[in-house]
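Asker: Please read through the structure below; I'll follow up with questions.
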Amino acid sequence: MVSRKDKEGQVKKKNLLDSQTSRRSFLKGASIAAAAGSAALVTGCVPGAEAGSSEEFSLKWEEYFKKHYRLMTQEEKDETIARLVKLAKLQYDLDIQMSSRPPQEQVLYGYAFNITRCEGFMDCVKACVKENNQDRKSKTQYIRTFEMEPGQLDPSTGDGKYFHEVPVDNKFYMGVQCFQCENAPCIKACPTKATWREPDGIVVVDYDWCIGCRYCMAACPYWGRRFNWGKPEIPQEEINTKQHYLGNRIRPKGKVEKCTFCVQRTREGKLPACAEACPTGARVFGNLLDPDSEIRYVLKHKKVFRMKEELGTDPKFWYFID
Amino acid sequence: MEKISQKGFFSFLYDCFRWNMQGGVPFQIFRLFLIAGMVFGLYAYSHQARHGLEVTGMSNIVSWGFYISNFTFLVGVAAAAVMLILPAYMFHDPDFHRVVLIGEGLAVGALVMCLSFITVDLGGPLQAWHLIPGIGLFNFPSSILAWDVIVLNGYLLLNALVPLYILYSHYMGRKADERKYRPFVFLSIFWAFSIHMVTAFLYQGLPARPFWNNPLMGPRFLASAFAAGPSLIILVLATIHSFTSFKIEKQVFHKLRLIIVVSAIINLIMLFSEIFKEFYFPTHHSISAMYLFFGLEGHNALVPWIWTSIGCNVVATLILAFNPGDNSPKVLLPACLVLFIAIWMEKGIGLIVPGLIPSPMGEIVDYLPTWVELGVTLGIFCLGITVVSWLIHPALIIEERYDQLTGSAKE
Ligand code: SF4
Ligand code: SF4
């Protein structure tokens with residue numbers, strides 16, 4: 001095991017782009033010993049244990065030692081993205097585009113959900129699953145819709161598993177997802193700072209930095225987070241190749257993921273997939289800092305409320321009634 | 001290192017190793033069983049490493065299961081060593097002084113198990129270096145999990161180094177210098193309480209989970225640990241007493257029994273107080289407790305579990321309190337065993353799993369560990385017992401020799 005890795009390491013040194021820093025080489029030295037010790041045991045997670053080619057192996061090896069996204073310079077971000085794009089080609093024979101586009105200035109995203117209009121079609125759920133490359137095997141979904149009895153406003157009293165024709169008379173529907181809390185308990189809980197709130201208000205996860213402890217899942221009061229219990233499986237032809245590093249790129253197994261307001265779309269000025277897919281216009285998305293935006297209109301002229309206001313999480317997601 | 005005899009640190013390590021390889025046939029067979037358990041654990045873990053945590057019974061709703069339950073319980077066992085340390089070093093109780101090393105060995109074993117349970121629960125165990133301050137990013141002081149990493153490792157160091165120093169001194173045939181280790185003993189007493197409180201705060205600090213978000217969590221943790229931990233210590237001491245030449249004073253068992261009784265009663269009072277709060281006027285927030293004690297909508301996997309635990313808990317506490325056998329080991333030992341298991345059931349699965357059920361969106365699922373989780377857990381328990389036996393076995397030999405050397409061995 002050791003000798004193989006050493007050999008690979010030399011190959012890597014010759015043909016890889018990166019400039020060595022002392023921190024990195026220290027880590028490498030230390031890790032070769034550690035990895036060799038545990039390699040036999042944890043073949044599943046040692047970088048490159050399943051690698052087909054030596055190029056794939058060295059790319060994965062490089063990936064393993066990269067920094068936290070927020071500590072990377074733009075150059076380092078470009079490098080890791082180049083590696084991820086290459087890996088996608090090698091592993092899945094896919095040509096993906098990946099962006100690291102930063103937040104736009106003077107933007108704070110907000111979402112409003114019209115409970116009067118929603119009829120429970122769940123087109124948003126389907127669009128979200130597709131857009132965000134969610135695991136089909138475990139049927140991961142960021143959005144849940146609940147069929148509610150009149151007189152109730154708390155989704156936990158509703159039925160989240162309806163399989164009948166909608167809308168049903170005298171019922172109404174509520175969609176829930178991560179609410180992008182301004183004071184987010186999940187961020188506070190994370191021991192490695194692998195999840196944080198971007199300046200445009202989106203709470204993101206660095207999938208490669210997350211250690212998969214799931215403390216954030218326990219801490220979220222809205223059940224906004226999902227875990228990759230296994231390796232995500234998506235049919236080749238359904239993979240969305242327009243990806244963002246902090247958004248819909250295909251997650252490694254053992255990491256936490258969540259709704260990112262479709263960061264890969266919204267930072268390009270588009271609507272999130274759910275808002276675009278909704279046939280009833282129940283979903284309003286926009287820039288809270290823009291006084292002329294639709295979301296500001298809703299907040300000003302409609303009666304709005306947020307879930308579990310008493311927890312002080314300050315979500316950026318409101319419900320309203322026409 | 002000052003030279004008193006020609007022996008040095010390496011011969012100390014070598015002798016410890018050598019003594020560990022010796023020992024009677026039953027002892028070796030016992031060790032073989034432990035090795036078999038660990039091998040099975042490794043096999044189960046390699047399965048999990050290959051396929052991911054999907055081979056466990058956990059889900060997006062019950063996102064922590066058997067591993068974290070055992071971790072939580074074992075933190076209590078580790079901290080309970082303080083119940084020997086406190087009287088031994090602070091009050092210079094001679095009876096406890098003789099057995100305190102055993103308590104510390106147990107604490108080290110429990111901590112090794114705790115850290116292993118956390119590691120096997122990680123989705124990305126190889127990324128664990130992201131937690132190391134300096135090369136990773138450590139969310140301190142904001143994340144309670146970051147605190148927990150510090151206090152657990154610190155406690156492990158303290159409980160390993162102080163006995164190491166004492167044993168090494170005794171091995172070299174000199175008295176351990178109390179001025180040198182006393183500050184660390186003080187620190188470890190304080191630290192024992194902190195590993196408890198911090199681990200309780202891990203859960204207590206989550207407003208998302210009303211079942212855990214309860215100020216009694218920390219204190220109850222302490223009480224139950226000071227009942228379960230000393231119960232285990234009694235069992236271990238009794239084993240050592242009957243299977244080795246190292247004899248333990250009757251007084252030790254009597255004193256430990258008192259500690260257990262007081263803690264177990266406080267634990268029961270607090271349990272009663274919690275149950276009262278949840279069920280006198282049930283609210284929205286009582287729903288997890290409802291699930292635990294009575295089941296919800298036909299999901300009642302934990303109901304027999306928790307009632308068995310409470311039943312055993314009450315019976316064992318009563319037996320220990322009224323002491324019908326008059327400290328006879330025939331009564332004392334089974335009662336301790338039952339109490340230990342009862343608290344394991346309650347502070348493990350009975351505490352962690354219902355906190356996650358129902359999900360904040362009101363969905364209810366049951367949780368059952370799979371063979372992988374059971375196998376890995378078995379492996380970790382075997383690892384812990386192995387560590388304890390590897391530590392205690394040479395420690396007792398050194399102590400016995402030292403006793404003979406100084407002629408202070410009590411009959
Ligand atoms: S809804 Fe949950 S996951 Fe989303 S930001 Fe708030 S606490 Fe975090
Ligand atoms: S699972 Fe990942 S994002 Fe969540 S708390 Fe753990 S390290 Fe942070």
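Asker: Are any residues in segment A:148-164 farther than 22 Å from A:Glu310 by Cα and either within 11 Å of another protein chain (Cβ to nearest Cβ) or among the charged types (D, E, K, R) (or both), and if so, which ones?
Answerer: A:Glu149, A:Asp159, A:Gly160, A:Lys161
Asker: Please go through segment A:219-272 and give me each residue that is surrounded by 23 or more Cβ atoms within 10 Å (Cβ to Cβ) and part of a helix (DSSP H, G or I), ordered by number.
Answerer: Passing the criteria: A:Ala219, A:Val263, A:Gln264, A:Thr266.
Asker: Here is a further query. Among the residues of segment A:205-235, write down those that are within 10 Å of ligand 1 (Cβ to nearest atom) and either more than 7 Å from chain B (Cβ to nearest Cβ) or among the hydroxyl-bearing types (Ser, Thr, Tyr) (or both).
Answerer: Across segment A:205-235, the qualifying residues are A:Val205, A:Cys216, A:Tyr222, A:Gly224, A:Arg225.
Asker: Part of a helix (DSSP H, G or I) and within 26 Å of B:Ile352 (Cα to Cα) - does that describe any residue in segment B:155-169?
Answerer: Yes, segment B:155-169 contains at least one residue that is part of a helix (DSSP H, G or I) and within 26 Å of B:Ile352 (Cα to Cα).
Asker: Out of A:Gly151, A:Gly160, which single residue is away from ligand 1 (no atom under 16 Å from the Cβ), assigned by TED's automatic domain parsing to the domain that holds A:Val298, without any contact (Cβ under 8 Å) to a residue 24 or more places away in the chain and touching a strand residue (DSSP E or B) at 6+ places or on another chain (Cβ under 7 Å)?
Answerer: From the options A:Gly151, A:Gly160, the qualifying one is A:Gly160.
Asker: Assuming A:Lys188 fulfils every condition listed in (1) at the interface with chain B (Cβ under 8 Å from one of its Cβ atoms); (2) part of a loop (DSSP other than H, G, I, E, B) apart from one, which condition is it?
Answerer: (2) is the only condition that A:Lys188 fails.
Asker: Something else about it: Are any residues in segment A:216-243 over 12 Å from A:Ala184 (Cα atoms), more than 16 Å from the chain's Cα centre (by Cα) and within 10 Å of ligand 2 (Cβ to nearest atom), and if so, which ones?
Answerer: Scanning segment A:216-243 gives a single hit, A:Ala218.
Asker: Just checking, how many residues over segment A:56-102 are free of Cβ contacts under 8 Å to residues at least 60 places away in the same chain, surrounded by 14 or more Cβ atoms within 10 Å (Cβ to Cβ) and among the aliphatic types (A, V, I, L, M)?
Answerer: Total meeting the criteria: 5.
Asker: Can you list the helices (runs of 4 or more DSSP H) lying wholly within segment B:24-120 that have 2 or more residues being at pLDDT 90 or above and under 30 Å from A:Lys258 (Cβ atoms)?
Answerer: B:25-51, B:66-79
Asker: Same structure, new question: Can you tell me which of (1) within 12 Å of ligand 2 (Cβ to nearest atom); (2) assigned to a loop (DSSP other than H, G, I, E, B); (3) closer than 16 Å to A:Pro315 by Cα is the one A:Trp196 doesn't meet?
Answerer: So the condition that A:Trp196 fails would be (2).
Asker: Could you figure out which of (1) in contact (Cβ under 8 Å) with a residue 60 or more places away in the chain; (2) within 27 Å of B:Ile102 (Cβ to Cβ); (3) more than 14 Å from chain A (Cβ to nearest Cβ) isn't true of B:Phe190?
Answerer: Just one mismatch for B:Phe190, condition (1).
Asker: I need the full set of residues from segment A:244-279 which are more than 14 Å from ligand 2 (Cβ to nearest atom) and charged (D, E, K, R), in order please.
Answerer: If the condition is that a residue be more than 14 Å from ligand 2 (Cβ to nearest atom) and charged (D, E, K, R), then A:Arg249, A:Arg265, A:Arg267, A:Glu268, A:Lys270, A:Glu276 are the ones that fit.
Asker: Anything in segment B:32-54 that is surrounded by 19 or more Cβ atoms within 10 Å (Cβ to Cβ) and more than 23 Å from the chain's Cα centre (by Cα)? List them, or say none.
Answerer: B:Gln48, B:Ala49, B:Gly52, B:Leu53, B:Glu54
Asker: Same structure again: Given the condition part of a loop (DSSP other than H, G, I, E, B) and free of Cβ contacts under 8 Å to residues at least 24 places away in the same chain, answer yes or no: does some residue in segment B:214-224 qualify?
Answerer: Taking every residue of segment B:214-224 in turn, at least one turns out to be part of a loop (DSSP other than H, G, I, E, B) and free of Cβ contacts under 8 Å to residues at least 24 places away in the same chain.
Asker: Still on this structure, I have one more. Hey, among B:Ala208, B:Ala160, B:Ala146, which residue is more than 14 Å from every other protein chain (Cβ to nearest Cβ) and either free of Cβ contacts under 8 Å to residues at least 60 places away in the same chain or within 16 Å of ligand 1 (Cβ to nearest atom) (or both)?
Answerer: B:Ala160
Asker: For the structure I just gave you, tell me whether A:Val263 is in the same structural domain as A:Leu288 (by TED's automatic domain parsing), under 23 Å from B:His51 (Cβ atoms) and within 14 Å of ligand 1 (Cβ to nearest atom).
Answerer: Values: in the same structural domain as A:Leu288 (by TED's automatic domain parsing): yes; under 23 Å from B:His51 (Cβ atoms): no; within 14 Å of ligand 1 (Cβ to nearest atom): yes.
Judged against the criteria, A:Val263 is not a match.
The values are calculated or read from the model by the stated rules, or taken from the named source; none is laboratory data. Computed from a prediction, not measured in an experiment: that's the story for all the values here. No Cβ is skipped: glycine too gets one built from the backbone with ideal geometry, and neighbour counts run over all protein chains shown.
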